[in-house]
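Peer 1: Mind looking over this structure? Questions follow.
The values are calculated or read from the model by the stated rules, or taken from the named source; none is laboratory data. Nothing here was measured: the structure is a model prediction, and the numbers come from that model. Here Cβ is always computed from backbone atoms with ideal geometry, including for glycine, and neighbour counts include all displayed protein chains.
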Amino acid sequence: MLITPAYAQAAAGGSDASSMLVQFAPLALIFVVFYFFLIRPQQQKAKQQRSMLDSIRRGDRVVTAGGLIGTVAKVVNNEEVLIDLADNVRVRAVRSTISQVLAKTEPAKEAKTKDGDTAANDDTATTTPAKDDDAKTPAWRRMLGLR
């Protein structure tokens with residue numbers, strides 16, 4: 001007996017739902033892999049960068065996106081900072097152009113006001129850079145911000 005291809009295809013058509021599931025399973029797997037290997041790490045890195053930029057204060061040593069290394073002299077507002085690059089060289093930089101913070105300063109001690117409330121203003125308080133083991137770290141690692 002001869003069976004035509006049309007009858008053979010019709011006989012296999014009873015499992016349409018399972019065949020669609022089998023077709024979409026690799027696509028779903030690819031999306032899951034992309035999420036865990038590309039999207040999620042990028043979101044975490046962006047969150048770290050945002051928190052680093054939000055925590056910048058006076059006295060921090062920073063590297064700009066252009067490769068300039070300097071010390072934050074003043075936080076002007078949420079968008080701008082003043083950076084000391086050398087003696088008598090101060091530039092105004094957009095906060096988002098700071099690519100990394102090399103050395104953080106210690107938080108300023110809280111000062112008592114005459115009302116008895118405590119107030120700590122990072123822009124006006126004097127701070128000193130955090131003590132790192134600079135003597136033990138090679139100079140090339142310090143320049144790159146590696147510890």
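Peer 1: Among the numbered conditions (1) at pLDDT below 90; (2) outside any loop (DSSP other than H, G, I, E, B), tell me where Ala108 comes up short.
Peer 2: So the condition that Ala108 fails would be (2).
Peer 1: Something else: Conditions first: (1) modelled with pLDDT of 90 or more; (2) not assigned by TED's automatic domain parsing to the domain that holds Ile98. Gly14 passes all but one, so which condition is the exception?
Peer 2: (1)
Peer 1: Restricting attention to region 42-79, which residues are surrounded by 13 or more Cβ atoms within 10 Å (Cβ to Cβ) and over 16 Å from Lys104 (Cα atoms)?
Peer 2: Leu68, Val76 - these are the residues of region 42-79 that are surrounded by 13 or more Cβ atoms within 10 Å (Cβ to Cβ) and over 16 Å from Lys104 (Cα atoms).
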